[in-house]
1. Can you name the number of the only condition in (1) farther than 28 Å from PRO18 by Cβ; (2) not in a loop (DSSP other than H, G, I, E, B) that ASP462 fails?
2. Every residue in region 32-48 that is buried (at least 24 other Cβ atoms within 10 Å of the Cβ) and in a helix (DSSP H, G or I), please.
3. Answer yes or no as to whether LEU395 is open to solvent by 50 Å² or more (accessible area, probe 1.4 Å) and of a type in the set (A, V, I, L, M, F, W, C).
4. Is it fair to say PHE114 is within 16 Å of ligand 2 (Cβ to nearest atom), closer than 20 Å to CYS75 by Cα and in the same structural domain as PHE98 (by TED's automatic domain parsing)?
5. Against the condition within 16 Å of ligand 2 (Cβ to nearest atom) and open to solvent by less than 20 Å² (accessible area, probe 1.4 Å), how does LEU242 come out, does it pass?
6. Looking only at region 286-307, count how many residues are more than 29 Å from THR270 (Cα to Cα) and among the charged types (D, E, K, R).
7. Output the residue which, of all residues in region 105-151 that are open to solvent by 70 Å² or more (accessible area, probe 1.4 Å) and within 13 Å of ligand 1 (Cβ to nearest atom), is modelled with the highest pLDDT.
8. Give region 170-218 a look and list any residue that's closer than 12 Å to SER143 by Cα, under 27 Å from the mean Cα position of the chain (by Cα) and more than 16 Å from ligand 1 (Cβ to nearest atom), or say none.
Amino acid sequence: MNTVRIFDTTLRDGEQSPGASLNRAEKMEIARQLQSLGVNVIEAGFPITSNDDFEAVREISHELREATVCGLSRCVVKDVDRAGEALKGAPNPRIHVFCATSRIHREHKLKKAFDQIIEISVNSIQQARSYVDDVEFSPEDGSRTELNYLVDITAAAIEAGATTINIPDTVGYATPEEYGHIFKHVREQLPIVDDEGIVLSSHCHNDLGLAVANSLAAVMNGAKQVECTINGIGERAGNASLEEFVMALATRSDAYNLNTTIDTKKLYPTSRMVSRLTGLMVQRNKAIIGENAFAHEAGIHQDGYLKERTTYEIMDPKEVGLPDSKLVLGKHSGRHAFKDRITDLGYTIDADTIDRLFVRFKDLADRKKNVYDEDIEVLLETELDATNRVEMWKLINLQFTSGTNALPTASVTLEDESGHRITDASVGDGPIDAIYSTIQRVTNLSAELLEYNIRAVTGGKDAQGEVTVELRHHDVRVRGRGVSTDIVEASARAYLAAINRIRTMASKPDSRTQLLNEAESNNA
Ligand code: KIV
Ligand code: ZN
């Protein structure tokens, strides 16, 4: 079987999902997990866009020894220099340069003729080669580019020193038949691709829900690398989902006869980690890692499943790392059982963190009779979140009154970084509104609430509530999450987590959005 290389762009294209920006510590945590998952290439960021992205690419590329680490760059001299500087001295560096080639982009965005685009691209590839041996080139909007132009620019890029040519379906427009044909055509027209071991790569967006189908069509026609993201996150409707693509090859090896280096048992923990750190929740019916992916509801299905699992299950949930038992812990469970459960859930945690978690677990078990896997995951996730996030404001105390004839009122005490406590109170349309207004007054930061979601972590009336919010402050969108057996407290914690995130971003002199805007206006 031939092996398809997995190029993960969760930390770059994935991070471009609205509200999903990650700090450096979070990016590093995901990068380590991606390497242990068996990803071959990790696109860690776009170094020109912010100091944070630059540092993330630098730190990740210097720490990871097995995966290749890649930085993205437009075909602009200062971009390539910045990517080159970030990767200088790294064990396995790659620079990924891109330039749009389709008629729509040439005429409306770049206002350049095709010859000029070839020239800019060739110059940038050569410049990138002066920093690293491993250079990838992407003709952006490749799937909508005239086929003869695509062949010409691929030939020129190879000649200039590109070792991987990625043909993106940037706007998710291609059908599997069309996309597969592009790869076949380029290989037929340019025998040098196969003769010299040039890697053709797919990069599919999911606007029509075809990203994984298109990636499969690409590999069936000779692509040797697939670009994708965990949970399929990314611009607009997202990118091809790594877990879906990998499990399609693994489950249907009879049809594809291709494999990957991915350790599929780590898919579920990796998905949870990315969801926790980006704040982007996974839809229940998401293939492979959604809550319902292995749930059987209909009586006929349950009956068949209980007689023989394979009647209604095409994959074993254990193969994708789903915990296989629903062991329930409680207040009499010891540290050993708790630690074993964490290991079974796919987490590797140091002893100090286990100690802190065990104290929180006991506290939870006092408030809640049965502690399920989902509760433990939430404990773990909030603990790991707290390690990564700078908490500028901490929630110290929260009180509220509401009722049929009462005016909803909240009083909140927060503590700032220097230990100074402030208490304030407000009224609102309801308790949550009153609490959010009070937090805005104390932190002196106003933000628009774009989204508020609440869900029970498990069944049962003593279930913990998980609240996620999305806020907009000027042009920055952030997410926050809070969990508690008290849903009002969970709401306050989620809001405060988002406010803290805005504060951290605002305190950086080079806010990412500003630099991205500047970068856009300078586009090649
Ligand atoms: O979708 C796209 O075209 C991209 C390129 C930068 C590869 O993300
Ligand atoms: Zn993309």
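1. Condition not satisfied by ASP462: (2).
2. LEU34, LEU37, PRO47, ILE48
3. Details: open to solvent by 50 Å² or more (accessible area, probe 1.4 Å): no; of a type in the set (A, V, I, L, M, F, W, C): yes.
No.
4. On the way: within 16 Å of ligand 2 (Cβ to nearest atom): no; closer than 20 Å to CYS75 by Cα: yes; in the same structural domain as PHE98 (by TED's automatic domain parsing): yes.
Considered against the rule, which asks whether it is within 16 Å of ligand 2 (Cβ to nearest atom), closer than 20 Å to CYS75 by Cα and in the same structural domain as PHE98 (by TED's automatic domain parsing), PHE114 comes out as no.
5. Details: within 16 Å of ligand 2 (Cβ to nearest atom): yes; open to solvent by less than 20 Å² (accessible area, probe 1.4 Å): yes.
Against the criterion (within 16 Å of ligand 2 (Cβ to nearest atom) and open to solvent by less than 20 Å² (accessible area, probe 1.4 Å)), LEU242 qualifies.
6. Residues that pass the stated criteria total 2.
7. Among residues in region 105-151 that are open to solvent by 70 Å² or more (accessible area, probe 1.4 Å) and within 13 Å of ligand 1 (Cβ to nearest atom), the one modelled with the highest pLDDT is ARG144.
8. Within region 170-218, THR175, PRO176, GLY180 meet the criteria.
The values are calculated or read from the model by the stated rules, or taken from the named source; none is laboratory data. Model, not experiment: these values are computed from the prediction. With ideal geometry, Cβ positions are generated from the backbone for all residues, glycine too; neighbour counts draw on all protein chains shown. Only protein heavy atoms, including side chains, enter the accessible area calculation; ligands, DNA and RNA are left aside. Shrake-Rupley method; radii C 1.70, N 1.55, O 1.52, S 1.80 Å.
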